[in-house]
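Read-outs throughout are calculated quantities, based only on the coordinates presented, and are distinct from any laboratory measurement. Since the model is a prediction, treat every value here as computed from it, not as a measurement. Positions of Cβ are backbone-derived with ideal geometry, glycine not excepted, and every protein chain shown enters the neighbour counts.
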Amino acid sequence: MSKAITFSEYGTPEVLRLSEVTTPEPGPGQVRVRVRAASVNPLDLKVRSGLMAKVAPARFPVTPGLDAAGVVDAVGEGADAAVGDEVLGATAGGSYGEYALLDRPVAKPRDLSWEVATSLVTVGLTAFRVLRELEVRAGQTLLVHGAGGSVGTVAVQLAAARGITVVGTVGEHDIERVTALGATAVRYGEGWVERVQAAAPQGVDAVFDASGAGVLAESVALAGDSARVITIADMTAAQHGVRFSAGSADPADDSLPQLVRLAAAGELDVPVRRAYPLDQAAAAHGDLEARRNRGKVVLLP
């Protein structure tokens, strides 16, 4: 037996409880890690609150969490890691616990912190995937809504490093930080379209909406084609003919190893706002829901 955060009904963060659970056993190709850090993602909040119930009904009790970084302590047949390895990756069955299972572990460089390692997974893979889907190229202009958030921050850096001109909509408090990452940062809110047009007089070739702030109609007009706009956060996407991007990485995809190399080399900044002890998962969810998260929130079992 081991400790994990679980919930047995939908609701506010207070439904999260520290519980005794059966320690998971790795299946073929899997590894079990002693979790050193688990990332808290917006999807965790949607699952816990019941917002995803129609799409993916929960089988209670649920252990939340998509990402983990830790030390391998058991391996399944054919697993691509050994006991004692430090790894990170997407979890099978939740990450808010002392132990978690990883299907495709990626080696963690020793100079990469546990907090950054777990924070890279979902936000990094999402940013990488959407840039690939948009097929935006060097010399083109990309508009990123929510450029100050965790996914937006990674997208800005990846795009700028590829020679793409980036304009990012942000809150006033994030203008300086996002500008330093390689984007032209403009304040969101009333008048944002005019501010983007002033920042990109050459026009906008593609739009990555990581905000879900009701900006799709104007974004389509700026890009000139709904096919050039992708959102990861606005459930009204279909009404605007816009793609909603979701999904997990292909087993053959090497996006996560690339992200790890960039972060370890200091070429990709993934800010971590705060780390909570595991038993304060409810507080971590409250922090994220209140949008106090200028950076990732993680749990430390």
Around VAL186, with a cut-off of 12 angstrom between Cβ atoms, what is the net charge of the other residues, counting Lys and Arg +1 and Asp and Glu -1?
-1
Using the 10 angstrom Cβ neighbour count as an exposure proxy, how do TYR99, TYR276 rank, fewest first?
TYR276, TYR99
Is any residue of the stretch 46-68 close enough, with backbone N under 12 Å, to a label point placed 7 angstrom from the Cα of SER8 along the Cα-Cβ axis, and if so, which?
60-62
Taking the number of other C-beta atoms within 10 Å as the exposure measure, put ILE175, ILE232 in order starting with the fewest.
ILE175, ILE232
Hey, can you grab everything whose amide H is under 5 Å from the amide H of ALA147? Only 5+ residues off in sequence or another chain; H modelled, so Pro and N-termini drop out.
THR169
Would you mind computing, in nm to one decimal, how far apart the modelled labels at ARG294 and ALA82 are, each placed 7 Å from Cα along Cα→Cβ?
4.5 nm
Bins of 5 Å, beginning at zero and ending with the bin holding the largest distance: percent of Cα pairs per bin for the stretch 124-244, please.
2, 13, 26, 28, 22, 8, 1
Based on the mean of other Cβ atoms within 10 Å per residue, sort peptides 40-47, 184-191 so the most packed one is first.
40-47, 184-191
VAL272's amide H: which non-local residues (gap 5+, or another chain) put their own amide H closer than 5 Å, with H modeled 1.01 Å from N in plane and none for Pro or chain starts?
LYS296
With θ taken as phi - 60° and the coefficients 6.51, -1.76 and 1.60, list the Karplus ³J(HN,Hα) couplings across the stretch 78-88 in order, rounded to whole Hz; mark glycine and proline as x.
x, 5, 9, 5, 10, 4, x, 5, 9, 9, 8
Projected label distance in nm at ASP253 and ALA265, using a 7 Å step from Cα toward the beta-carbon
2.1 nm
Neighbour-limited loop hits for trypsin sites (Lys or Arg not before Pro), the stretch 220-301 (at most 12 other Cβ within 10 Å; DSSP other than H, G, I, E, B)
ARG291, ARG292
Taking the Cβ of each residue in HIS173, HIS285, HIS240 as the centre, tally the other Cβ atoms inside 10 Å and list the residues starting with the fewest.
HIS173, HIS240, HIS285
Taking the stretch 47-121, which trypsin sites (Lys or Arg not before Pro) meet the DSSP loop condition and have no more than 10 other C-beta atoms within 10 Å?
LYS54, ARG59, ARG110
THR236 versus ALA221, label points 7 Å from Cα toward the beta carbon: distance in nm?
1.4 nm
Listed highest first by mean packing, meaning other Cβ atoms within 10 Å per residue, what order do 143-153, 68-78 come in?
143-153, 68-78
Any chance you could run the full-extension gain for LYS54 through ALA92? It's 0.36 nm times the residue separation minus the Cα-Cα distance, nm to one decimal.
11.6 nm
